[in-house]
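The next block holds one structure in the form of structure tokens; read it before the comments.
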Amino acid sequence: MTMDNGKGDDQTEVADISGNYKGNLVVSINEHPADPISQVISITKSGNQTSQVVLSLKNFSFGGQLVGDIEVPCMVEEREGIQSFSGQKNLTFTTPFGQLLGTLPTSVNGTVKDGKISMKIGVTVTALEQVVDVDFDGNKMTGNESSEAKDFVLLLLIHQLKLTQLFLLFL
């Protein structure tokens, strides 16, 4: 369905994918995956259009240090009952550790079908020469489930933990 947004631009209305999604999140650093953790990811509408959303991942941590909340605006398209979303943003954080990491180019790509979400978040951590890929698969919460989920903690493999510790020694 196409709607006029009052500005002369047509906006395509798609199925509303906003809500909380609970599932398993797997973090890979430089292509080395960690064990899955339980996580809740939120998608909220950005304005009045369902074709514009913001993906939120609360309490993003790296190497046991709080970085901050990740929020990336995304555009949503719908084809044959599947909603695809994607977006990118250069993130900066206000926490002490987040400031040390500098600007983090971040991309989000995913799909939602029948309340099931599958997505990937890609983060480039230039300061540590690492590429972080986050895979998330989950289901839309209906309100009856517990919203408890572990903070988003990047579980580092031993050699990656050593890199972080080495970086912290230079502080």
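The values are calculated or read from the model by the stated rules, or taken from the named source; none is laboratory data. These numbers were taken from a predicted model, which means no experiment stands behind them. Please note: Cβ atoms are built from the backbone with ideal geometry, for glycine as well, and neighbour counts cover all protein chains shown. The accessibility values were calculated without ligands, DNA or RNA, using every heavy atom of the protein model including side chains. Shrake-Rupley method; radii C 1.70, N 1.55, O 1.52, S 1.80 Å.
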Restricting attention to segment 35-45, which residues are closer than 24 Å to GLN83 by Cβ, assigned to a strand (DSSP E or B) and not polar (S, T, N, Q)? VAL40, ILE41, ILE43, LYS45
Go through segment 126-145 and count every residue that is outside any strand (DSSP E or B) and open to solvent by 60 Å² or more (accessible area, probe 1.4 Å). 6
Is segment 54-65 home to any residue that is loosely packed, with under 15 Cβ neighbours inside 10 Å, modelled with pLDDT under 90 and within 21 Å of PHE136 (Cβ to Cβ)? yes
Can you tell me which residues in segment 16-34 are modelled with pLDDT of 85 or more and assigned to a loop (DSSP other than H, G, I, E, B)? ASP16, ILE17, SER18, ASN30, GLU31
Out of the residues in segment 85-105 that are polar (S, T, N, Q) and surrounded by 14 or more Cβ atoms within 10 Å (Cβ to Cβ), which is modelled with the lowest pLDDT? THR95
So LEU100 fits all but one of (1) over 28 Å from ALA15 (Cα atoms); (2) part of a strand (DSSP E or B); (3) aliphatic (A, V, I, L, M); what number is the exception? (2)
Of the conditions (1) open to solvent by less than 40 Å² (accessible area, probe 1.4 Å); (2) closer than 21 Å to GLY98 by Cβ, SER51 clears all except one; give me its number. (2)
Would you mention how many residues in segment 106-120 are over 19 Å from GLN88 (Cβ atoms) and either open to solvent by less than 30 Å² (accessible area, probe 1.4 Å) or of a type in the set (Asp, Glu) (or both)? 2
If only one of ILE41, ILE82 is at pLDDT 85 or above, open to solvent by less than 10 Å² (accessible area, probe 1.4 Å) and either on the phi > 0 side of the Ramachandran plot or not aromatic (Phe, Trp, Tyr) (or both), which one is it? ILE41
Only one of VAL54, VAL67, VAL27, VAL40 is touching a residue at least 12 places away in the same chain (Cβ under 8 Å) and touching a Leu at 6+ places or on another chain (Cβ under 6 Å), namely VAL27
Looking at VAL123, is it surrounded by 14 or more Cβ atoms within 10 Å (Cβ to Cβ) and over 22 Å from LEU66 (Cβ atoms)? no
